[in-house]
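Written below as structure tokens is the structure these notes are about.
The values are calculated or read from the model by the stated rules, or taken from the named source; none is laboratory data. As the structure is a computational prediction, the values presented were derived from the model and not from experiment. Because the Cβ atoms are built from the backbone with ideal geometry, glycine has one as well, and the counts that use them run over all protein chains shown.
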Amino acid sequence: MATLVRYNNVPSFFNPFYGRPVINRYQNTTPNVPAVNVKETEAGFQLELAAPGLKKEDLKINVENNKLTISYQSEVKTEETTEKFTRQEFGFTSFERSFRLPKTVNADAIKASYTDGILTVELPKVEVKEEKLVKEIVVA
């Protein structure tokens, strides 16, 4: 999806608003992508995504072609009706993070949990058997 974005290339010491996050006027959230911590253990990898205030029903995690994608999409609707007018406001919040998985991750055994605003994704390792590179060829 292509969008038209106004770009200001003036450094922050000239423009005090440069570098500040844009606030969605319908929600008090910033449109930034959440931070992720990646830990490697003996048994596998662990991703911790900071996602406070999100509903776990709106979080989607999928694996396709060795790529793990974590996405979130939420729609907020407010409606105010009086005798003379009706006002409706819509707000959308979404993000998507993708990670290329190493060949040592068992994609069928991935587990996820959401507790206290932290999405934790467990990526267990699978042993990769090394093939022998030495092959004897009989001369005919």
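Key figures for this structure:
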item	result
Selection from the stretch 33-65 of residues that are outside any loop (DSSP other than H, G, I, E, B) and touching a Phe, Trp or Tyr at 6+ places or on another chain (Cβ under 6 Å)	56, 58, 59
Within the stretch 81-115, considering residues that are acidic (Asp, Glu) and free of Cβ contacts under 8 Å to residues at least 12 places away in the same chain, the one nearest to residue 63 (Cα to Cα)	108
Cross-chain or 6+ apart pairs with Cβ under 8 Å, the stretch 46-70 first and free of Cβ contacts under 8 Å to residues at least 60 places away in the same chain and on the phi > 0 side of the Ramachandran plot, then of a type in the set (Gly, Ala, Ser) and surrounded by 12 or more Cβ atoms within 10 Å (Cβ to Cβ)	66/107
Answer from 9, 65 - the residue that is surrounded by fewer than 11 Cβ atoms within 10 Å (Cβ to Cβ), at pLDDT 75 or above and not charged (D, E, K, R)	65
Strands (runs of 3 or more DSSP E) within the stretch 81-137 that include 2 or more residues out of contact with any His (no Cβ under 8 Å at 6 or more places or on another chain) and loosely packed, with under 12 Cβ neighbours inside 10 Å	86-100, 111-115
Selection status of residue 68, touching a strand residue (DSSP E or B) at 6+ places or on another chain (Cβ under 8 Å), outside any strand (DSSP E or B) and not polar (S, T, N, Q)	no
